[in-house]
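Before any comments, here is the structure.
The values are calculated or read from the model by the stated rules, or taken from the named source; none is laboratory data. All values reported here derive from a predicted model rather than from experimental measurement. Positions of Cβ are generated from backbone atoms using ideal geometry, with glycine treated the same way; all protein chains shown enter the neighbour counts.
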Amino acid sequence: MDSSHPPVAGIVHEAPDSTVRLRPVAEDDLAMLRRFAVEPGLVGLDWAGFRDAAAPARRFAEDGYLGERTGGLIVQVEPAQSGPAGFLSYLQGQYGGRAPYWEIGIVLLPEWRGRGIGWRAQALLCDYLFSHTPAQRIQAGTHAENTAEQRSLEKAGFRLEGVVRACEFRAGAWRDGWLYSRLRDDPSPL
Ligand SMILES: CC(C)(COP(=O)(O)OP(=O)(O)OC[C@H]1O[C@@H](n2cnc3c(N)ncnc32)[C@H](O)[C@@H]1OP(=O)(O)O)[C@@H](O)C(=O)NCCC(=O)NCCS
């Protein structure tokens, strides 16, 4: 191994057929982020109506999606035809007096779903956040009918904690959420 480039946790996962890489947002990715804001249903069940399509450019100009308490990384698959495969978000929350945790989210473009990318990307993000921040807990919420994300989170090392009743208003009704977590000491599947 080249000692000038030691392994970096949570950036790259190599498999025989593909490499999943997390990287910062670049200007060319803004087109995908704008699509997520204005194409109904492209983000899946999290679609909550049209959003400001200029917001991604503003956020990119502000901090490149790399804030202290909220951020986002691009999911890149190599070798890829072109462009990003999706987007991961992380947001800091706090339960106890001084117990910050992360809540993560993911959306892959439809052409990249169901190909073993999502769980690897989410597992990478956990390794990345556990490596670079002292958080003990990473949580993720999903919907009762989102079996793909439920299974993806389990494969990424998360465990189901329970049902959060009526936590989101979506598609005309208040709906329950399923809350998952991965703790620092839970084994990484990567
Ligand atoms: C949810 C999402 C991130 C999952 O990523 P993915 O790459 O498609 O799925 P993975 O390859 O990680 O799948 C993991 C497991 O889920 C299963 N799975 C994938 N798609 C599925 C589907 N539509 N229905 C049921 N199971 C599914 C896979 O078979 C795999 O399980 P297995 O290894 O036991 O076969 C991705 O589909 C996506 O971006 N969906 C739209 C946005 C979204 O729903 N985000 C989460 C919001 S809470």
Check your understanding: When the residues of the range 42-54 are filtered to those that are at pLDDT 95 or above and of a type in the set (Gly, Ala, Ser), which remaining residue is surrounded by the fewest Cβ atoms within 10 Å (Cβ to Cβ)?
Key -> Gly49
**Study point:** Conditions (1) under 11 Å from the mean Cα position of the chain (by Cα); (2) without any contact (Cβ under 8 Å) to a residue 40 or more places away in the chain; number of the one not met by Gly96
**Key:** (1)
Review point. Considering the range 116-132 alone, what residues qualify as being surrounded by 15 or more Cβ atoms within 10 Å (Cβ to Cβ) and more than 8 Å from the ligand (Cβ to nearest atom)?
Key: Ala123, Leu124, Leu125, Cys126, Asp127, Tyr128, Leu129, Phe130
Check your understanding: Do we have any residue at all in the range 172-179 that's within 14 Å of the ligand (Cβ to nearest atom), among the aliphatic types (A, V, I, L, M), within 23 Å of Leu33 (Cβ to Cβ) and modelled with pLDDT of 95 or more?
Key -> no
Practice item. Evaluate the range 57-79: report whether one residue or more is in a loop (DSSP other than H, G, I, E, B), at pLDDT below 95 and of a type outside the set (Asp, Glu). Key: yes
Review point. Only one of (1) within 15 Å of the ligand (Cβ to nearest atom); (2) aliphatic (A, V, I, L, M); (3) surrounded by fewer than 22 Cβ atoms within 10 Å (Cβ to Cβ) fails for Ala135. Which number is that?
Key: (1)
**Study point:** Every residue from the range 133-176 that is within 30 Å of Ala9 (Cβ to Cβ) and aliphatic (A, V, I, L, M)
**Key:** Ala135, Ile138, Ala140, Ala148, Leu153, Ala156, Leu160, Val164
Practice item. Out of Arg113, Arg59, Arg151, Arg159, report the one residue that is away from the ligand (no atom under 16 Å from the Cβ) and charged (D, E, K, R). Key: Arg59
Practice item. Please find, among Gly72, Gly86, the residue that is touching a Ser or Thr at 6+ places or on another chain (Cβ under 6 Å), within 22 Å of Leu30 (Cβ to Cβ) and in contact (Cβ under 8 Å) with a residue 24 or more places away in the chain. Key: Gly72
Review point. Can you find even one residue in the range 139-157 that is of a type in the set (Asp, Glu), in contact (Cβ under 8 Å) with a residue 40 or more places away in the chain and either farther than 26 Å from Phe50 by Cα or surrounded by fewer than 18 Cβ atoms within 10 Å (Cβ to Cβ) (or both)?
Key: yes
Revision key, fill the gap. Filtering the range 78-103 down to residues that are more than 10 Å from the ligand (Cβ to nearest atom), crowded, with 18+ Cβ neighbours inside 10 Å and either aliphatic (A, V, I, L, M) or under 25 Å from Ser181 (Cβ atoms) (or both) yields Tyr90, Tyr101, Trp102
Review point. Of all residues in the range 104-115 being charged (D, E, K, R) and within 24 Å of Arg182 (Cβ to Cβ), which is modelled with the highest pLDDT?
Key: Arg113
Exercise for review: Among the residues of the range 104-114, write down those that are in contact with a Leu (Cβ under 9 Å, 6 or more places away or on another chain) and surrounded by 13 or more Cβ atoms within 10 Å (Cβ to Cβ).
Suggested key: Ile104, Gly105, Ile106, Val107, Leu109
